[in-house]
1. Which condition number in (1) modelled with pLDDT under 90; (2) open to solvent by 40 Å² or more (accessible area, probe 1.4 Å); (3) among the hydroxyl-bearing types (Ser, Thr, Tyr) is the one that residue 498 fails?
2. If you take the residues of segment 309-335 that are without any contact (Cβ under 8 Å) to a residue 12 or more places away in the chain and open to solvent by less than 70 Å² (accessible area, probe 1.4 Å), which of them is farthest from residue 254 (Cα to Cα)?
3. Quick one: which strands (runs of 3 or more DSSP E) lie wholly within segment 336-413 and hold at least 1 residues that are closer than 30 Å to residue 294 by Cβ, open to solvent by 20 Å² or more (accessible area, probe 1.4 Å) and not small (Gly, Ala, Ser)?
4. Answer with yes or no whether residue 131 is modelled with pLDDT under 95 and crowded, with 24+ Cβ neighbours inside 10 Å.
5. Among the residues of segment 72-114, what is the count of those that are under 29 Å from residue 186 (Cβ atoms), buried (at least 20 other Cβ atoms within 10 Å of the Cβ) and at pLDDT 90 or above?
6. Any idea which residue in segment 188-234 is least open to solvent (accessible area, probe 1.4 Å), counting only those that are in a strand (DSSP E or B) and among the aliphatic types (A, V, I, L, M)?
7. Residues of segment 426-454 being small (Gly, Ala, Ser) and either without any contact (Cβ under 8 Å) to a residue 12 or more places away in the chain or farther than 21 Å from residue 500 by Cβ (or both), which ones?
8. For residues that are in a strand (DSSP E or B), over 18 Å from residue 138 (Cβ atoms) and open to solvent by 60 Å² or more (accessible area, probe 1.4 Å), scanning just segment 169-187, find the one that is modelled with the lowest pLDDT.
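The values are calculated or read from the model by the stated rules, or taken from the named source; none is laboratory data. Quick caveat, the model's predicted, so the values are computed rather than measured. Glycine gets a Cβ as well: all are built from the backbone with ideal geometry, and neighbour counts include every protein chain shown. All accessible areas refer to the heavy atoms of the entire protein, side chains included, with ligands and DNA or RNA removed. Shrake-Rupley method; radii C 1.70, N 1.55, O 1.52, S 1.80 Å.
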Amino acid sequence: MPNSIHNRRLSLLIALLLANSATLAEPTTALPLVTVEADDATAAADLSATATVTRLNATTVREMAGAAASSPFKAIANTPSVNFQSADPHGLTEVGFHETLKIRGVGQTGPASSRNIDDLPLTINPGGSKGILDLENVSEISVYRGAVPVGQALGFSNLPGKLNLTTRAPLATAATQFRLEGGSDDFKRLFLRQDSGQHGIFSGFVSASENQGDHWKGNGEFERRNLFSGIALDGGEAWRIELYAGDNQDERHTYRFFDYATASNFANFEREWSNNPASVDYYDYNRQQFEDRFIYANLRGRVANEMQLSIKPYYLNESGDYWFSSVNATDTTKSRVIDWQIDHDNAGVVTQLDWQFTPTQLLQPGFWIQRQQPPGPPSTQQKYRATASGLVFDGWQVLADNDQHQLLSPFLSYLGQFNALNVEAGLRFVNLRLGALTAYNATGAAAKLTDADAARAAGGIDAMASAAEKSFDEWLPYLGLTWAFNPNTSVFTRLGRSYGLDVNLFPYYYAQKTLFASKASVFNRCGIVWNWKLQITLILVCVTHKAIGMSV
């Protein structure tokens, strides 16, 4: 029996060896090399930067922005230290006519925008210029948190930090980009961009888009049309000119906001504006419509060895209206529909010299000039009563003139790299002149006139609600240090000073000035209009690590 078992085991082993030999004898098939590439669609902290900044490439921007592809705030909503709230799924509806964006818990205030385009403070707020670029035309978004280097912190305010959109320049080869989308709530979007390619020194593109959709609850809709174009003239290392221009039209119904008690009752989940035109809270009395026309350029030229001069002029003109229901909860007879009429412009130029005086050290002196027409504070608001036959003009909520604001700001930056240490030091001086505010009496004959100029002439100047121009001078320093231990880990410190304005006081005072006068109060008239804010940002020591994709 043992010999029989042994023989069977030996036979099985020989069979296995023979089968294996036959398999090895067969010809092998060489599989082709397969290369897997990951699309770099990330929001990554820049570990070598001398600022606390997260950069989103074009793919990430487009994916995060969602279907409407026009809100840069929605594109950055998931980046570190950013909180963004919107009433609509496309990130277009703000709360209280101001950006609903906070960076490290700080929000933007005043007639300012937290977003720049090619480092230019082109857009202004309140208004409709928040989404003047289709995000297919943006190659990168940089999110600066807290203290911002002086060359990237330009704007009427920079309290929370800055958001910079880099324009996607004309391509060197001819290309067509087409996108057609649709979805629920009757959403439709068409986008087309055509690049000409490089022809001699010339390249250019033109793009157009149209967005349409309904409210995700209640009645109302939105529509946005955009036309944008750019050209580039490339003189090689000696010079380059880029010029961009566009027209953006935005019309949409806004969403209703609730207090805590109403919002916390889930029965109000689908509650919205009413469907009754005789009611002050009718949905068609809550809408906004704006048209923005804008142009900006980047002119660069080499003026000497290791020296390059750039000149960036820009201009934006905006006209339109905010319509909204002003509901008096305690006395409904005082509820009115308000038409906030807006017609303002913004013009400026940034000039900067880049002097690479050693291979690892750069000096950047620059000068920024801007003249900005408000809003901020509101100047022209009409009142209407809601009746069974529609809206009836009921005078002026605010009737005033606001002269242009002006900013003059020279700045100087130094950047150096010393082995593992990157250094940026900067200093900016700001001379901010707030335009004079002239308020007018809106009672009597003025209350019956729908034309603003005629009403001002009939009402006369209201000296108690007017204020002379006011100037502020401030120094804004910046220091950023980054020590890189390896390509994935660094330690940094930042120190900077930012500034901003709050303009909420004037409209409340104007509406209640009779009550203030009856109390015989004494006011600093400039204080009625402006509240100056300065903020110092200091980060002692923070560590960033690329592996976890975040920074403090």
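1. Condition (2) is where residue 498 drops out.
2. 331
3. Fully inside segment 336-413 and qualifying: 336-358, 361-372, 390-402.
4. Against the criterion (modelled with pLDDT under 95 and crowded, with 24+ Cβ neighbours inside 10 Å), residue 131 qualifies.
5. So the count comes out to 5.
6. Residue satisfying both the conditions and the ranking: 232.
7. 439, 442, 444, 445, 446, 447, 452, 454
8. Only one residue fits best here, namely 182.
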